[in-house]
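The values are calculated or read from the model by the stated rules, or taken from the named source; none is laboratory data. Since this is a predicted model, take the numbers as computed values, not measurements. Every residue, glycine among them, receives a Cβ derived from its backbone with ideal geometry; neighbour counts consider all protein chains shown.
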Amino acid sequence: MVLTSRNEVLQNLRERLGNKIVSVFEKNERRIYIEVAPQDIVETTKVIFRDYEARLQTASGVDTPDKIDIYYHWAFDRANCLVTIIVKLDRQKPVIDSIAPLCMGAEWIEREMWELLGVTFNNHPDMRHLLLMDEWPEGQYPLRRDFRLPKKNSPLNPLS
Amino acid sequence: MSKKTIIPIGPYHPLQEEPEFFKLHVDGETVVKVDIELGYNHRGVEKLAESKTFEQAVYFVERICGICSTSHPIACCQAIEDAGEVKVPERALYIRSIIGELERLHSHLLWLGLAGHFLGFNTVWMWVWRYREDVINCLEIITGNRNHYCMMKPGGVRRDIKGEDIPTILGVLNGLKKPLDLFYKTVNQDPVLQARTRNVGILTRQNIIDYCGVGPLARASGVAIDVRKDHPHAAYGMVDFKVITTTKGDVFDKVDVRILEMFESVSIIKQCLEALKKTPGPIDANPAVIKAGDGIGHYEAPRGEVIHYIRSDGSNRPARHKIRAPSYVNVATNRTAVVGQSIADATIILGAVDPCYCCTERMAAIRVDNGEKTLTADDLIKLSWDKTSRLRKELGAAGPVLPLD
Amino acid sequence: MSFATSILTKSLNVFHCAGSPCNNCDIELLDTLTPRYDLERFGITLVGSIRHADVIMLSGVFNTKALIRAKRVYEQAPKPILVIALGNCACTGNIFIESYNLDAPVGKHIPVDILVPGCPPKPEAMIAAVAKLIAKLKGK
């Protein structure tokens, strides 16, 4: 079913997602942010991608002091509306189910988040390095806030 | 047991996150599998962007890609404006659209030329790039630079388009009509070109939806996604234009969509220039502070939707800046499009995505695996050229006829 | 001037090697080959294989992955060979110098003969660079 207006999108998502929704934030006419629990992400994706035929634009991982947030940006092209699904993961052990088996467009972006931010994706079909070289030292996640490039000539420094 | 050949294409490639190293697994003449390896171009832009102020960000994101060098700034500015709830003056919106469309013109012309080159029509390459120079000139008149225009800033644009420049720009646009007609006719009438591009590298509607493909690639397969129409931004809500779609999704349709889009671009710029005369006013809202909050900006770049996500924490720098360029999703479609095609067609299919193209110039064998035959870049282009000349003989055609003026 | 070097003052075959560029230098380089600037009137052409090259044009900042390939390209090149660093990125590392994934400028790893600054350099600048390089070889 293709949704054609912003209100329709909001109403339908509220109905279908029901108690999966943690919070809704309506930024303005064209932007809606919905937070869901990490364990509901696959179900949520099913509703948005399969039933409402939205397009996955991208996903951004954000490192905050105590959580790692993942923002899945979905475009409802016929409704002139962008819906962002937010999940908040534990910063010490960020693990979430992959949505790549459902939506092929998410495959690369999940690989990227894994190597740059250290988020583990369960059931990802093809998890390996995407942007960084294969010899990149483990446990070094460039997009983390506390990332510092190790000293020259240290085995942890990828440039040496 | 047949001997498998692996053909490496790459690895060098020019876009931000989309440098590619294609490994074509070949059985005889047919491609059976494609491996795509990225990372030769990863410069850590997202991390670096966190150290740049909002004003600097524009110069910075411009240097992500040289061809979409105004699409990234527009998307970035829109994201900042979305986060900070800044209202952009109308005149600035028109200027944004003009620069954006001029960029689309030069980018599509660039692609068309190189597509010709890889099919073995160097005449097309030279002619198309000769007319591309006119567009580049036009941009130089407006912005002062041939590439990297530095026209955008959060809240508006940096430079105005002067009234006395408008006739010059219109002159260039009118001059483009004839060559564009010519290219359209050439593509649609030349039997060899048709034979090389029709029914090659087909992407179905479902493929595009699965891969979340965007831009001319999606529109060629009948998926009418155009950020300009669907999510009006800049001046696109105020002008009249068509979203070009075709249905078959082969290479020919991709060429066709791009050429027809150029006609639309010309018409959009003309409308914007007309509106510019009637819209005086400031070109910059001069936002002093960007409020804390999330902002998403997206823009229809020549290759499809580019999206920037910015999280502002109220300071003068973003706390997080996420960038996704269109080729990031479009390149992935090659995993479907190339499979089952012959090697000679692979170059044009990989190229039809329009991943900044000159990389393919630099296809070079990097490693000869034991017992596996490896073809070099030159071999691959030569294969493509051979096929064209063979077809040309069979069809008795002399190639595209470009009248000299 | 030895015979091998004297050959380098004639028609040059250029191999274009870009590592993590923004594409603009590359396009401007191709632009110099097309009718408006027409580099080929000086006998300068782009070649597809490093084995045929007299000149390597380096453009971009060369990240860790690309640098390995670029070094290999340089090793495979027939010597003597001229190396041109094209654009600010190859000359200095430009805006990307603080990135975690690269060790700029490329001149640290590959001996560069001439730097062409500009972001991107204009086609005229590239033609001038090649002319200056030839003049330098001739000892003028």
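Structure values in brief
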item	result
Of residues in segment B:179-209 being of a type in the set (D, E, K, R) and in contact (Cβ under 8 Å) with a residue 12 or more places away in the chain, the one farthest from B:Thr347 (Cα to Cα)	B:Arg205
Those residues of segment A:48-94 which are touching a Phe, Trp or Tyr at 6+ places or on another chain (Cβ under 6 Å), surrounded by 24 or more Cβ atoms within 10 Å (Cβ to Cβ) and at the interface with chain B (Cβ under 8 Å from one of its Cβ atoms), in sequence order	A:Ser60
Qualifying residue in segment C:72-89 (condition: touching a residue at least 12 places away in the same chain (Cβ under 8 Å), of a type in the set (Val, Ile, Thr) and farther than 18 Å from C:Pro121 by Cα)	yes
Residues being within 8 Å of another protein chain (Cβ to nearest Cβ) and part of a loop (DSSP other than H, G, I, E, B) - total across segment B:22-58	8
Residues (at the interface with chain B (Cβ under 9 Å from one of its Cβ atoms), part of a helix (DSSP H, G or I) and either among the polar types (S, T, N, Q) or over 30 Å from B:His42 (Cα atoms) (or both)) located in segment C:1-31	C:Asn24
Test: residue in segment B:228-247 that is in contact with a Cys (Cβ under 6 Å, 6 or more places away or on another chain) and assigned to a loop (DSSP other than H, G, I, E, B)	yes
Residue satisfying all of: in segment C:8-64; of a type in the set (S, T, N, Q) and surrounded by fewer than 20 Cβ atoms within 10 Å (Cβ to Cβ); nearest to A:Leu132 (Cα to Cα) among these	C:Ser49
Filter result for B:Ile225 (touching a residue at least 40 places away in the same chain (Cβ under 8 Å) and in contact with a Lys or Arg (Cβ under 9 Å, 6 or more places away or on another chain))	yes
Pair list, Cβ < 6 Å and 6+ apart or interchain, from segment B:89-103 residues that are of a type in the set (Asp, Glu) to residues that are not in a loop (DSSP other than H, G, I, E, B)	B:Glu101/B:Ser265; B:Glu101/B:Ile268; B:Glu101/B:Ile269
Those residues of segment B:67-119 which are part of a loop (DSSP other than H, G, I, E, B) and buried (at least 24 other Cβ atoms within 10 Å of the Cβ), in sequence order	B:Ile67, B:Cys68, B:Ser69, B:Thr70
Counted residues, segment B:285-344 - those being part of a strand (DSSP E or B) and not aliphatic (A, V, I, L, M)	19
Residues of segment C:98-122 that turn out to be part of a loop (DSSP other than H, G, I, E, B) and at pLDDT 85 or above, as a count	12
Hits in segment C:32-71 - residues which are in a loop (DSSP other than H, G, I, E, B), at the interface with chain B (Cβ under 10 Å from one of its Cβ atoms) and hydrophobic (A, V, I, L, M, F, W, C)	C:Leu33, C:Val61, C:Phe62
Close pairs from segment B:303-327: first facing another protein chain (nearest Cβ under 9 Å), partner in a loop (DSSP other than H, G, I, E, B), Cβ under 6 Å, at least 6 apart	B:Glu305/B:Val214; B:Glu305/B:Pro326; B:Ala319/B:Asp313
